[in-house]
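In what follows, a structure is listed as structure tokens, so that the remarks can point back to it.
The values are calculated or read from the model by the stated rules, or taken from the named source; none is laboratory data. Computed from a predicted structure; not experimentally measured. Cβ placement follows ideal geometry from the backbone for every residue including glycine, while neighbour counts extend to all protein chains displayed.
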Amino acid sequence: MRPLVVEALRDTRVVMVMGARQVGKSTLCQAIAAEEHPATSVSLDDRGARQTAQADPAGFLAGFDGPVLIDEVQRAPELILAIKQVVDREQRPGQFLLTGSANILSSRKVHETLAGRIELTRLWPFAQAELKDDGAGNLVDALFATSPPRIVSAPIGRGAFVSRAAAGGYPEARLRIGRRRDRWFSSYLATTFERDLHAIADLHKEHEMLRLLSVLATRSSNLLRYANVADSLELDEKTVKSYIGLLEAIFLVRTVPAWRPGFLARVLHTPKIYITDSGLLAHLLGANEQRLAADDRLTGIVLETFVAMELMKHASWSDVDPQIYHFRDRHGGEVDLVLEDRSGRVVGVEVKAKVSLSQNDTKTLAKLRDALGPQFVAGAVIHTGEQTLPLGDRLWAVPVSGLWA
């Protein structure tokens, strides 16, 4: 993401890097502020800086000369309007580089926004491709180029992904195993709810939010039916919808809309829900990698979540920059992920925890291909087999290791 942030700073007054806590936002932005885009750095996790920013936002900003990096800006939402006033007076690009562990622009505390003045960049936990020393490729770009990675001897079966999925992408969590990793995730959630949730909502119901997140974990990679979730928690459906919006604003869940030829239909149809990190998902499900490999009830949930989030990470820095959807036809046929670029080209992706595939595994992908004609660029079945194989016109089987090959 680093070159994309630097590029944005060259022509945009305010650039904000958003993402969950502990994904590397501060590290990334401090490196940029030290090298490509020199800037004064201040963190609002520092109590003194935070109190000054909250008490006198305009005076706080007046104390800086030149570009400024403000870390964890959601902790002083009062700054947003003061930043707007500064960049409206002086319209130079690159004045403010912000980081936020909550989507502060969705907060009701912020009555005006920086629309037209800000570029938002989302930073996810590490992708598996980023963990490679040699800089792996981008599967999203490869599929849109109809050139999936040619893999010939990948590890097969569930051992091909369970250790990676169980570890997830949070840098600190990856340094731990077993009980130590579980303890880290427990503390992480408590801190996130206490700090970031309170920054965007007057809400003190951490226990309810944790219960909701745990329920959503059992539904990760499935359709999000708010009424069903509300019934299981004995909460009002509107409350559940509001709470899920807050969880999305602090980057713990991601909803994916339905793909339909008509844009209105995409809004009206049921979305899918994902926990944004497979390691966090395994923690919420109470499963280690051995259980993920052995328990069929969990394997499919975790694998699809793992693959979906890896593709979303690839999409966030890809040259194509597609929108991501899911697809279900009237007969119940489903394509797990549909990626569409701005020219209307479509890539479909199915996820299967299988070594050997049958024609049935590509049935809905083939229907989508035939319905869209040349608009359909490629279809891939991400699976646990050992090699990339053609499955028909513009369709391929791709081992899960294609995500980091």
Please go through region 148-187 and give me each residue that is in contact with a Leu (Cβ under 8 Å, 6 or more places away or on another chain) and more than 20 Å from residue 404 (Cβ to Cβ), ordered by number. 185
So, residue 12, is that one of a type in the set (Ser, Thr, Tyr) and over 30 Å from residue 275 (Cβ atoms) or not? yes
With under 25 Å from residue 21 (Cα atoms) and modelled with pLDDT under 95 as the only criterion, which of 308, 249 stands out? 249
Any residue at all in region 308-326 that is closer than 15 Å to residue 256 by Cα, among the charged types (D, E, K, R), crowded, with 16+ Cβ neighbours inside 10 Å and under 19 Å from the mean Cα position of the chain (by Cα)? yes
Evaluate the following for residue 190: is it small (Gly, Ala, Ser), part of a helix (DSSP H, G or I) and surrounded by 19 or more Cβ atoms within 10 Å (Cβ to Cβ)? no
Selection from region 367-387 of residues surrounded by fewer than 19 Cβ atoms within 10 Å (Cβ to Cβ) and either in contact (Cβ under 8 Å) with a residue 60 or more places away in the chain or of a type in the set (Asp, Glu) (or both) yields 370, 386, 387
Can you work out which of the residues in region 206-222 that are at pLDDT 95 or above and of a type in the set (A, V, I, L, M) is surrounded by the fewest Cβ atoms within 10 Å (Cβ to Cβ)? 215
Exactly one of (1) surrounded by 14 or more Cβ atoms within 10 Å (Cβ to Cβ); (2) in contact with a strand residue (DSSP E or B) (Cβ under 6 Å, 6 or more places away or on another chain) is unmet by residue 160. Its number? (2)
Enumerated strands (runs of 3 or more DSSP E) restricted to region 43-150, each holding at least 2 residues that are over 19 Å from residue 13 (Cβ atoms), out of contact with any strand residue (DSSP E or B) (no Cβ under 7 Å at 6 or more places or on another chain) and assigned by TED's automatic domain parsing to the domain that holds residue 27: none
Name the residue, out of 334, 289, 304, that is more than 20 Å from residue 405 (Cα to Cα) and in contact (Cβ under 8 Å) with a residue 60 or more places away in the chain. 289
Single residue of 282, 287, 201 found to be within 19 Å of the chain's Cα centre (by Cα) and either small (Gly, Ala, Ser) or more than 25 Å from residue 22 (Cβ to Cβ) (or both): 282
Residue in region 57-77 that is closer than 28 Å to residue 252 by Cβ and either among the aromatic types (Phe, Trp, Tyr) or surrounded by fewer than 19 Cβ atoms within 10 Å (Cβ to Cβ) (or both) present: no
Selected residue (only one of 276, 255 is surrounded by fewer than 22 Cβ atoms within 10 Å (Cβ to Cβ), under 30 Å from residue 184 (Cβ atoms) and of a type in the set (Ser, Thr, Tyr)): 255
Residues being within 15 Å of residue 402 (Cβ to Cβ), of a type outside the set (Val, Ile, Thr) and part of a loop (DSSP other than H, G, I, E, B): count how many of those fall in region 355-384. 1
